[in-house]
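Trainee: The structure's right below; bear with me while I get my questions together.
All of the numbers you see were taken from the coordinates with simple rules; none came from a lab. Bear in mind that the values here come from a model prediction, so they are computed numbers and not experimental data. Every residue, glycine as well, gets a Cβ built from its backbone with ideal geometry; the counts of neighbours run over all protein chains shown.
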């Protein structure tokens with residue numbers, strides 16, 4: 001009986017620590033004023049894009065919504081992310097949706113758009129005057145295509161891909177030679193004639209998708225691989241995309257331009273154009289204080305890497321970066337950056353700027369990789 005009571009007390013203490021360390025506690029417990037939030041999330045679980053020749057589960061029978069499309073589990077995960085955001089910012093956000101309070105961006109991809117809609121459904125279940133059907137706990141909330149995330153994918157940037165190819169040619173052969181036995185093992189099991197670093201990333205992405213969807217889909221031979229090696233090789237594919245300052249500027253620089261332009265309006269409300277950024281693509285989000293951005297693994301890894309916070313680990317479904325702008329009583333604005341996984345909420349440094357990073361210092365630290373849309377076009381053509 002004593003042991004049972006002791007175990008229950010331990011469990012209660014652990015739960016209290018879990019909530020008190022910030023994973024479940026509303027952010028408003030801080031003495032300083034929360035001014036604005038930007039949340040950047042990876043989309044929810046999806047079906048695989050591609051697979052290897054010997055894979056019997058790469059079949060639409062198992063993925064009825066289509067290859068690359070979000071799954072039911074992915075929708076559920078994003079809905080729960082929305083509920084988590086609702087709880088964390090319960091005193092910051094109204095219970096009722098309003099266009100002047102929150103603005104949602106997404107890349108122009110089915111799975112990110114659907115993830116954004118699912119998260120917003122979790123954040124804003126209709127109630128009161130917004131309850132339009134008592135049998136449906138959902139209301140439509142707009143999601144907009146994010147131009148600051150879609151430049152490379154939609155418009156192309158030959159210079160970026162040319163620079164990236166040079167980095168690949170200098171980096172990949174080193175890893176391929178060092179881990180040739182692992183690559184050959186993968187080739188033998190998958191039916192691929194030759195395995196590159198990028199194919200390792202494709203394999204690890206597929207295995208992760210299967211692990212999250214149905215463990216019986218995971219081939220037995222993959223369990224004997226050295227996953228420390230294969231996961232690292234997969235991460236290299238993402239790390240090199242922002243390996244140099246010129247690459248980082250073209251890959252993720254317009255996001256930082258948008259981010260600091262958005263935050264600056266709370267510091268200097270007279271100048272909505274910001275000090276270093278372009279005018280927001282639409283004036284409708286000028287008064288919003290919460291921005292949700294639905295994106296990809298490559299987006300979050302690029303942001304983390306430019307802050308020197310990428311730990312070469314897999315960005316999982318619904319992982320989220322939170323940028324919280326706060327204001328002290330003396331009027332100074334600072335940033336808290338946090339990284340949310342399905343089990344943890346951890347502080348992130350902006351280069352060498354600790355938690356509670358002064359906003360101006362954060363801007364200065366990331367100035368080299370921050371670029372306007374106009375400048376982006378110019379550098380892509382140079």
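Trainee: Please express the Cα-Cα pair-distance distribution P(r) of the chain as a list of whole percents, one per 20 Å bin, running from 0 to the bin with the greatest distance.
Mentor: 25, 56, 18, 0
Trainee: If you don't mind, there's one more thing I want to ask. Rg/Rh for region 213-267: what does it come to with C-alpha atoms and Rh from Kirkwood?
Mentor: Ratio of gyration radius to Kirkwood radius for region 213-267: 1.29.
Trainee: Using 0.36 nm per residue, how much length does the chain from residue 375 to residue 177 gain when fully extended, once their Cα-Cα distance is taken away?
Mentor: The span from residue 375 to residue 177 would gain 67.4 nm if fully extended.
Trainee: Identify which of 108, 220, 201 has the largest mean-square fluctuation in a Gaussian network model of the chain, with springs joining Cα atoms closer than 10 Å.
Mentor: Comparing 108, 220, 201 in a Gaussian network model of the chain, the most mobile one is 220.
Trainee: For 90, 51, what ranking results if the residue with the fewest other Cβ atoms within 10 Å of its Cβ goes first?
Mentor: Ascending number of Cβ neighbours within 10 Å: 90, 51.
Trainee: Then there's this: Assign one of three labels to region 120-267, namely rounded, prolate or oblate, based on the Cα gyration tensor with a ≥ b ≥ c the square roots of its eigenvalues; rounded applies when a/c is under 1.5, prolate when it is not and a/b is larger than b/c, and oblate otherwise.
Mentor: Oblate.
Trainee: Can you tell me the order of 132-145, 362-375 when each peptide is scored by its average per-residue count of other Cβ atoms within 10 angstrom, highest first?
Mentor: 362-375, 132-145
Trainee: Please arrange 263, 160 by how many other C-beta atoms lie within 10 Å of their C-beta, fewest to most.
Mentor: 160, 263
Trainee: Which length gain, in nm to one decimal place, applies between residue 95 and residue 132 when the Cα-Cα distance is subtracted from 0.36 nm times their residue separation?
Mentor: The span from residue 95 to residue 132 would gain 11.8 nm if fully extended.
Trainee: Rounded to the nearest 5, what % of the DSSP beta bridges within the chain are antiparallel ones?
Mentor: 65
Trainee: Which residue, 251, 223, 72, tops the fluctuation ranking in a GNM of the chain built on C-alpha contacts under 10 Å?
Mentor: 223
Trainee: Would you mind ranking 97, 210 by Cβ crowding within 10 Å, fewest neighbours first?
Mentor: 97, 210
Trainee: Could you tell me the convex hull volume per residue, in Å³, taken over the Cα atoms of region 158-242?
Mentor: Per residue, the Cα convex hull of region 158-242 comes to 106 Å³.
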